Structures are given as structure tokens and as C-alpha cells.
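Visitor: Handing you this structure, nothing more for now.
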Amino acid sequence: MDIREELQALSESAPARIAAASTMEELAAAESDITGKKSPVAAARRMLGKIDPDQRREVGILIKRVAVSLQRDIDARRSVLLLAEETADLAADAIDITLPGRGQTVGTHHIIQQVVDEIIDIFVALGFTVARGPEVETSFYNFTALNIPDTHPSRLETDTLYVDYGDDDEGVLLRTHTSPMQARYMEQNDPPVYVVVPGKVFRSDPLDPTHSPVFHQVEGLAVDTDITFGDLKGTLEMFAKQFLGKDTEVKFIPHYFPFTEPSAEMHAYSNGRWLELLGCGMVNPAVFENVGYDPSVVTGFAFGMGVERLAMVRHGVTDLRYLLENDFRVLRQFV
Amino acid sequence: MKFPLSWLREFIDIPDIEIADIVEAFESLGHEVEEAYELNAAFSGVIVGKVVQVAPHPNADKVRVCQVDIGSGVSEIICGAWNFEAGAYVPVAVPGAVLGDDFTITQREIRGIVSNGMICSEAELGLGDDADGIMVLNDDYPGSTDAVGTDFAAIVGYPDLYFDISITPNRPDCMSVVGLARELGARLDLPLVDRMPELDVVEDAVPLTISIQDDRCPRFTARTVRGISVGESPHWMRRRLSLAGMRPINNVVDASNYVMMELGHPSHAFDRLRLGDSIGVRRAVEGETIATLDDLVRTLVADDIVVVDGVDRPVSIGGIMGGASTEVHAESVEVVIESAMWFPPMILHSSKRLQLRSEASARFERGMDPNFTMTTADRVAELLVAHAGGTAGSAYDVYPSPVEPLVIEYPLSETRRILGIDLDTSTSTAYLEKLDFSVTGDDPLRVVVPTRRPDVQRPVDLVEELARLHGFASIPGRVVSGTGGGLPADIIAERKLRRVLTALGLNEAMTFAFIGHQDLDVLRLAENDPRRDAIDVVNPLRDEEGVMRTTLLPGLIKTVAANHARGFVDLGYFEIGKVFLRSGGALPAQPDHLGFILTGERGGDIGGEARSVDVRDGVGIIERLSETMRVGLAIEPAVESGFHPGRCGQVVIDGQVIGTVGELRPSVAAAAGLKGRVVIGELALAPLVAAADPWTLVPPSSYPPVVFDLAFETGADVRAGSVVQTIRSAAGPELESVSIFDVYSGTGIGEGRISIAVRLSLRAADRTLTESEVTPMRKSIVEAVESGHDATLRGSV
């Protein structure tokens, strides 16, 4: 048979043989028969030198084309068989993908700490720094320095927890608010002052769904040569919008605190009703005088907010005790 | 402050206005409305009638036949009450009227005569308890005699609006109807009707003598009223008192209470005959007693103040409560109305101590107007003349140092400085005048402050008034741009610690800062342990909260115990918080501590073996904290009370002990309500977060490491940590890491000996280490361990 005819026959019969190979062994045998040393292709190559030089180039091209085509078929079949072989092996390595995932548990920051951090970060972004102060505090810083008169009922043991410590005539107590740090911070720092003070505060209130002897506040103080009530409003409104959502509406209602004048409560509209969010006001000149600031030169605003209250408003918590008991099931909801 | 709006309308002419608008107006002034709702009568279709004729019923003895003018004509009505005659103005439920929820009045035949409705009693109309007779309106119900044929509901004050407003402690002047009327009038631009009491006085034949011996009573005013007849107050007064939250008593006590609610100043009525002709005020004698109006005998202390009679017998605790001995009674005919001023702090302390907090003491402790006592007494007298049939007698007044109104110079620039807006002279003057300040001058304004406003002392207090009247909502907001300087380093470090601890699977706890002494017993702290010397809370809410915590462990242990009880045992918690320790200073030392606790099992995955937590989990946490904070921590074996003696260590930085880690003794854990191994640790936070220098990157080497293992046999008491220390000191800078991967004893190891296997990695920054370099390094490491720890090299790979 003519070489050309043989190659033609091979290119017609070989693809079926390749496709029929169902194992790597069968494919190797087929490959040896089709393109190996004893194959028609090899024989044709050996014959090429003996061919009429006029036809040698044409036949050479034909040999190469047939060989390349068949090798491509063989390689493709090999890929298919290899993948099938791997798939068969992996069947034994299967796992129920609906089983729970494996890995270390991630713990959770306490929800109150998360809220504290969030509040702090909002004010830090507005140019405030953060300070913290003692929880056991003198009566002077807790009351007197803040213009709270000696006769004010909040000083009584029915409202304030005292500790048996030292020989301070006025008494040493568990701070009832974070406001003492207003006075301490201003004593230690010259104006301008932009500071927020997070921390624990204490009251003589038995634990119930809305009261706790220990809770958290964040205090804020801005003192500069040009701070006005407008700054207080704009700044706290921005806080409310960041904390409760950008569409949050707020209103400021006149109120009374001994350490600010004028004083206000900020209410926010949330879940269909107005809720008191925080107390605030312009720093009372008497407080400036107590810390050695000149009230004719500086003005300032101050605010204080209850962290538990804010957490309750935002997270729909109906009983304060859920935030205080460190119940695994509660904490894990705020991972 | 509780009141019906109709009462307020006596002082300002409020146009028809939505209840929500009134609420908003009060709120915008700083008077929070606790409650506001409509008051409606419990009846409809009842009109005012005038009885023109009363005749016996021909067929019945117990009822009479009345001809009643009901405006549209005269109706014949049968009535079973006998407390009226012709001429009485009465409420008539005409056919179609509805009483209560569903009692509809119809024409009804009674023994042959048709009754065209019903004349009603208080009880039938739901206006009171009196069911004995029908209501006779006449003079007791002002307006009723001009109202024949009109809706009776209007006569008894319906419809009306009820308000309960919470008054801030700086505004005693608003603890009255007139005070709130003044405020609301200022907001709604309505003038206040400020009428003075009018009295026809017949001077006392025997004047009272008054002697004030205590300057805590800066003013004592009195007026007598003679010829009264004690009885029930008119309905409108009882209704208003009830709505104001005060129980009607009789026309004398009610008049005093009514004036307190109306005008703000408390007063007290003494029976003149029981009191005598002298009255005094003095400091109480320690241990002195007085029977008060509530029939309790009160023991006084020297800080209290008393009103006394002519024989120095206490007849009242000044400003707080009257005495029983001079109480007005059913047969009283002459009264002395006292209207005084009392020193506010004294009232606060005495009333709290005596547990006698009343509407009167609440007002005096906040500060009343010293220049209003006479008006108060006169207004009470006016009511007694009108409703108890009395005649006004003499007035008495001891006021040694009259209080002049304060004058404040107010520069208008203060408005811009504090509020950020400008209010000109005329606007500012108008605002202040609406609140009854008198204002002269352009700038500064010269502002005369009414003596009823103790809260207004300085220009900034006027800023508040201007802001309130202008409206907080009308002041534009502006966001500050502070120069505070961002998060301080200690908070950044603390947040990093929290992140690491939570990444390690621990949950953050927050526990109370106070604990009980018993919590320290549970931990079995040594008797001389300074943590035993906890600072007492003077007035704890519970014994379990009696002392300030000196350690975070009790709170963490209780947190875990509570969760065990809820069914969760595989737990890790941490807390960062203050402990309170005695110091030399004015305040205790209050360092922040970091504590953690681990219980239960770990690694119990499908097909994997769960294992109990143990102290190495605690050490692991401390190692991770040490890495994170770049602090060189070491753990040294220790024995501490309450801890497992073989599983406890101290945490050391630079030779200083900063805390403890270990397992609780099983018996201590059990006493705390915990089962299994309990791993706890507590560290002082400050050394961990001490600001470190910014870290400078060490470029990683691109050359390969030489890794090899060494196993040493050494004494069983040799600590693995010290072997590692030896290797670190003996190796050169090429030592990249050293870690212990096996500790073994038993077959092949001598008695009392152990095998410690370590893996070392050596790597140079600038070259590939050659065998000829590594060999002497390995040799010196081996020699150091062998000589330092009585060790022999077992093998090397």
C-alpha cells in the first residue's frame, strides 16, 4: 500500500481506537500502536528518505499532520481518563458537607463595651480625645466642683453609695456620674478642651428592669473661646444620626442640671416615639471658676449619656438586666 | 404638678387649641408633660333646671311632684329627695339623657303621674359619693343660676383637659397653676390675669403677738379669720384638689391646699382658740416631741424648727407639718392662717429625716418667694370668707430683712457668646417682660428679677430665659471641629488586648465593682493577703455587694457559675476593670486589671478527642498577650493559696510580678459552684500596655534555614522553660526559633530523669549557613544545656 493510503487509513481508524480506551493501560497500548516505534507513522517516517524527492515534501507534511492530529486525540483522551481516575479515588474521601464547620471560637466584646467604643469613635472623628477617671471619687469632684450645693438631695445616702475610706470630711463615694472628670480634666489641662469620658457610674438603685446600681456613661466636654449652644446642638445631632441612623430626628428640650446653664435634654425619634437620649448644656460659669478657667474668656458645652439606655434603644432590649448578667446566650448575639 | 386646664384658664385666656400644641408649648419651655388627656363627664343630656314648685304626690308618700323650668318650658318631674324646695337650681336628666355607660333616661309613669326625667344626685352623675339627696347647685356652683336650660356638664367643668407636668427642681415658682400659666402665657403671648385678693377686714379685738427666734424663718406672716363654719368645700374646689392629687378634707384645709396649688406658697391654719394669742418660732429642743396631724408622735432634733404657742408648746414643725393639738376641727370658729418662709436646706433635711415629705415641704425646700406670704394668707382668707362664712381679721407680719429683687446688668453680647445667635434689645426685652422681669436700658439691659425666681442670679441665667423663649429649635446647629487629639495610647492598647482575647475565643464580661467578703473567703486568700483588706461600702444595697473588689476573680467565677447553671460549661470569659486597693492618698489606688477564666472542654470535634482545659491554656493566653503587646513575659512556678499547688505560676515582667495564672484547687472550685478544672488568670494591666516604641521592621531573610532537633535527658525537676532560656543565651543571632516539642519519661530514660526534646531553627540574614558554621553552633548549644542542667544529649537529627 502506498504510504499515503496507509496514513489515510490510520487517520480514519485510530480515533475510534483512542476513544475506546477506557483505562490508562489501554490508552498506552493504543498510543504505542498508533504513534509508537512500530506504528505506521514511525514506519512512514523511516520510509520518507526512500521516496521520490519530488513527493518527499508533500508526504512529510502529511505524516506530520496525521501524527500531530492523532497525538492530540491521545492527549485529550488521557486527560479525560486521568480526571476520571482522580474522581474515583476522591469518592472514598467524601465528607458530609452539611456537617458543622471546624475552627476556633471567636469571643465577643461585651455589648456595652461595643457601644462605648462606637460612641467614642464618633467623637474622636470630630476631634475629641478620650480620658478616664477614678470610680471611687471624692465628694468634692462628684458634687462641689460641679456646682451641686451641699444641700442637694443627690448627696444623700439614699441616692449615692459611699465608701469607708480616708478622712475626707465630705466623704468618699462611688461616682454617680462621669462628670467629675470635667473638673479633673480642666484642672489638669488648659483650654481648648475636647474630651469624652467613658466609665462606670454608681447609684443606690436596686437592680430591676430599668435600674442598676452600676451602669455606664459617656461624658463629653468641649471648651474653647467660641463654643456656643449652636455647637452643642449641631454636634450632638450629628452623633444621634451616626448612632441611630442618618434619618434620625432630634429635638432639644430645656432642662435643669446644676453644672450647665442653659441645660437641655436631647430626645430622638426612634421606633415610632420620642425617647430621651442624653442630657447636655452650656458649662456653668461656676464650674469654670471652680477649675480656674476664666468664664469671660472661654465657653463650653458638656453632655452625658447612659450607655445602657442607648444600647436598649438601639437593640430593642426591654430589660436592663440582660445587659448586666453576662449571659452566654445574650453576649453571643453580639459577636 | 397636676391640674385641669380650666384652672389655668382663670389666669390666661387660652384660645381653643389642640392638646398636643399645649404639650409642645410646655415642653419647649422645659416643663416635661408626663400625662395629658381629655376629661369628659360620665353623663350626657343633663341640663340645669330651676325648681319652680314642689307639691306632694297624690298617690305616694315618699316622693314629690316638682315643676322644673328647663329653659324650653316647665317639666313635671317626680323626685324622691327631700333636700330642696322651690328655687333650687338642679341637674336634670331629661328623656334621652345617658348616665354612666348605658342608663338611658325615659319618660316614666310613677303611681299615675308621668315623670319627664330625673333630678340627679352626685352619685348618679358620677361626680362624688353623695347619694343622700339631689345636687342643689345655686351658689356652690358658680354660673348655675344663669344657666337654666344649658348643659350641666359645663357647670361641673366638663369637658376639660388634664395635665401632669414634671417641674425641674430649679423652678419652685412653677409648682403652681399661676406659675405654669405665666410660662404658657409667655409662650403663647397671652397676658396673665394677676388679681389680688380682696378682703373687708375687721381688726382683731385681741391681737396676736408673734416672736421669731430663729433666722431660719426669715418671714412669718399670719391673718386671722373669725366666724367660720367648718364644712365641706364647694364641688369645684374639691374637684380641682382631687385632680391636683390632694384629698379634700374640709373648707379650711382645702382653702389652704387650694391656694398652695393655685399660687404656689404653702400655708397652715391653726385653730385660734386652741392656739391662744401668742405664736413663736424657735429651734427645736433635742428629743422634744410633737403629735403631728397624721396622729403620730414625732421626736425632734435640735436642727428642726418649731412653731410654738404662748406656753412654748410646739404646735407645728415649721414648713413641714402642723400639730394635732391646734388642728382645725368641726367646731372651729376662728383660725390663724400662717404663711411663712423657711430656710430650704433645713426643710430638706428635717423632712427627709422625719420621712414627712409633702407638697408643702417640696416647695419650701426648693425656695419660695419671700414677698408673697401676705398675698397667700389673704387669698386663703378670701376663700374662707367666701366658702366658710368667715370675716377677715387682722394681718401680722414679721419680716426683719425684706428681700429686694435682684438687678442684673445684661450685655447683649452674652447672647451671641453663649447661644451663637443675636437677639436685639427689643426682642430680648420683650422675651424677659413676658416672664415678668422688668427691663430697662438698651445694652446692657438692666433686668429686675422677680423674687419668685431664685434660679436667676447671673447673666447666664438670663441667657437661659432668652433661649427658652426664643426656642431651642430656633438656634441653628453647627458641628464642632475639635483639637482634642484622637484616641490615647492606653485605649488603643486596651482595644488591641480585647481583640486578641476575643480572637482567642474568650467572651468579655462586665461584672459589678463591689463584691462580698464571703467571695474572698471562697478564694481562700491568705489571712495577710492585701486583697482581704477590701474597702467597705458604707450603705450597700445588699451584703453581697458590701466591699469594693480587690480582684476580678470573684466576678468572673460567679459569671461562669451562673452560666454553668444555665447549661453552658465550655466557657472562656475575660474582664478588664478596676480593682480598689488601699493607698496613702485621699483616694484608693484603682488600677485596671485583666482577668480571665476557662472551664470545660476543648477540641471535642467529630472524631476528635475532647480534652479538659488546663493551666497550659491559660499560659497560652498570656503568651499571646505578651506577643501582641511586645512585652517579654515569663511564667515562674508559684504556690498560691486557693490554687492547685502544682499548676500555678506567677507572671513576671523584668523581675516584677504582675499577676498569677493557674488552676483553682478542686475544693475551691467546688465551693464556688464549678466542676472540673478551672483555669484563671489575673494581671495588672498597666505593665502590659506601657507604651512601647514604634516597632521597626526586621526584614525577613531570603536564605534557607537549618532546622534540627535535640533531645536531652536531664533531671525530672528541670523546667523546660529554663532549658529554652539556656539555649537562647548560648545561641548566636542566627537562632531563629526554639520550641519544645516533647517531654518524656519512662522506658529508656533513667529513674528520676526526663527527656526534653527541642526543635531549633538557625538562619542568617545575609547568607546561607554552611555545615562548617552550624556544627560549632550546635556544639556550643549542646554543651551549654549539658553543663547548665546536668543533662546529656540523647540524640540529634
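Visitor: Size of the dipole of the protein assembly as shown about the Cα centre, Lys and Arg at +1 and Asp and Glu at -1 on the beta carbon, nothing else charged, in debye to 20?
Guide: I would put it at about 4380 debye.
Visitor: Based on the mean of other Cβ atoms within 10 Å per residue, sort peptides B:626-633, A:117-124 so the most packed one is first.
Guide: A:117-124, B:626-633
Visitor: Normalising by the residue count of the range A:3-92, find the relative contact order in percent from Cα pairs under 8 Å and 6+ residues apart.
Guide: Over the range A:3-92, the number comes to 36 percent.
Visitor: Averaged over its residues, how many other protein chain Cβ atoms are within 10 Å of peptide A:328-334's Cβ atoms?
Guide: Averaged over the peptide's residues, the number is 4.
Visitor: On to the next question. List the GluC sites (Glu not before Pro) in the range B:484-591 that DSSP assigns to loop (not H, G, I, E or B) and whose Cβ has at most 12 other Cβ atoms within 10 Å. Which are they?
Guide: Passing sites in the range B:484-591 are B:GLU527.
Visitor: Something else about it: Pop the C-beta distance of B:GLN67 and B:GLU232 into the FRET formula with R0 = 22 Å and round what comes out to the nearest 0.05.
Guide: 0.15
Visitor: Next question, about the same structure. Summing -39500 (n - 2.57) over the DSSP H runs of n ≥ 4 in the protein assembly as shown and dividing by its residue number, what mean residue ellipticity at 222 nm do you reach, to the nearest 500 deg cm²/dmol?
Guide: So the helix-based figure for the protein assembly as shown works out to -9500 deg cm²/dmol.
Visitor: Now, a different point. Could you work out the relative contact order of the range B:229-315? I mean the mean sequence separation of Cα pairs under 8 Å and 6+ apart, divided by the number of residues, in percent.
Guide: 20
Visitor: Counting only other chains, and only Cβ atoms inside 10 Å, what mean value do you get across the residues of B:527-540?
Guide: 3
Visitor: For labels at B:VAL193 and B:LEU793 in the simple 7 Å Cα→Cβ model, what's the distance in nm?
Guide: According to this spin-label approximation, the distance is 11.2 nm.
Visitor: Follow-up. Through the Karplus equation 6.51 cos²θ - 1.76 cosθ + 1.60, θ set to phi - 60°, convert the phi angles of the range B:212-221 into ³J(HN,Hα) values in whole Hz; use x for Gly and Pro.
Guide: For the range B:212-221, the Karplus-derived couplings read 9, 10, 9, 6, 7, 10, x, 8, 9, 10 Hz, x marking Gly and Pro.
Visitor: Sticking with this structure for a sec: Under 5 Å between amide hydrogens, which residues at least 5 positions from A:GLY281 or on another chain qualify, with H placed 1.01 Å from N in the peptide plane?
Guide: Placed amide hydrogens put A:ALA264, A:ALA302 under 5 Å from A:GLY281.
Visitor: Pop a pseudo-label 7 angstrom from the Cα along the beta-carbon direction at both B:SER401 and B:ASP21 and give the gap in nm to one decimal.
Guide: Simple spin-label model gives 4.8 nm for this pair.
Visitor: While we're here: With a ≥ b ≥ c the root eigenvalues of the C-alpha gyration tensor of the range B:525-668, is it rounded (a/c under 1.5), prolate (a/b larger than b/c) or oblate?
Guide: Oblate is the answer for the range B:525-668, as a/c is 1.5 or above yet b/c matches or exceeds a/b.
Visitor: Hey, can you grab everything whose amide H is under 5 Å from the amide H of B:ALA86? Only 5+ residues off in sequence or another chain; H modelled, so Pro and N-termini drop out.
Guide: Distant-sequence amide H within range of B:ALA86: B:VAL54.
Visitor: If you take each beta carbon of peptide B:545-554 and count the beta carbons of other chains within 10 angstrom, what is the mean?
Guide: Whole-number average of other-chain Cβ neighbours for B:545-554 is 1.
Visitor: What is the range A:111-334 by shape, rounded, prolate or oblate, if you read a ≥ b ≥ c off the alpha carbon gyration tensor as root eigenvalues and call it rounded for a/c under 1.5, prolate for a/b larger than b/c, and oblate otherwise?
Guide: Oblate.
Visitor: At q = 0.08 Å⁻¹, what log₁₀ I(q)/I(0) does the protein assembly as shown have when each alpha carbon counts as one equal point scatterer in the Debye sum?
Guide: -1.03
Visitor: Can you tell me the Rg and the Dmax, both Å, for the Cα atoms in chain B?
Guide: Considering chain B through its Cα atoms, Rg and Dmax are 42.8, 143 Å.
Visitor: Taking N as the number of residues in the range B:568-640, what value does Rg over Cα atoms divided by 2.2 N^0.38 Å take?
Guide: That works out to 1.50 for the range B:568-640.
Visitor: If the only charges are +1 at each Lys and Arg Cβ and -1 at each Asp and Glu Cβ, what is the size of the charge dipole of the range A:111-334 around the Cα centre, to the nearest 20 debye?
Guide: Result for the range A:111-334 is approximately 980 debye, rounded to the nearest 20.
Visitor: List, in order, the whole-Hz ³J(HN,Hα) value for each residue of the range B:618-623 obtained from phi through the Karplus relation with A = 6.51, B = -1.76, C = 1.60 and θ = phi - 60°; use x for Gly and Pro.
Guide: Per residue, the Karplus-derived 3J(HN,Hα) values read x, 4, x, 4, 5, 4 Hz.
Visitor: Can you list the residues, at least 5 places off or on another chain, whose amide H is less than 5 Å from the amide H of B:ALA340, using H built in the peptide plane?
Guide: Distant-sequence amide H within range of B:ALA340: B:THR221.
Visitor: Below 8 Å, C-alpha to C-alpha, sequence gap of six or more: please give me the relative contact order for chain A in percent.
Guide: 15
Visitor: Where a ≥ b ≥ c are the square roots of the eigenvalues of the C-alpha gyration tensor, would you call the range A:1-99 rounded, which needs a/c under 1.5, or, failing that, prolate if a/b is larger than b/c, or oblate?
Guide: prolate
Visitor: Once phi is turned into ³J(HN,Hα) by the Karplus curve 6.51 cos²θ - 1.76 cosθ + 1.60 with θ = phi - 60°, what whole-Hz value does each residue of the range B:147-154 show in order, with x for glycine and proline?
Guide: 10, 4, x, 9, 5, 5, 4, 5
Visitor: Next up: Test of understanding: ordering B:MET118, B:MET1 by Cβ neighbours within 10 Å, fewest first, what list do you get?
Guide: Listing B:MET118, B:MET1 from fewest to most nearby Cβ atoms yields B:MET1, B:MET118.
Just so you know, all these numbers are worked out from the coordinates, no wet-lab data involved. Given the structure is predicted, the values throughout are model-derived calculations rather than measurements. So basically every Cβ, Gly included, is an ideal-geometry build from the backbone, and we count neighbours across all protein chains shown.
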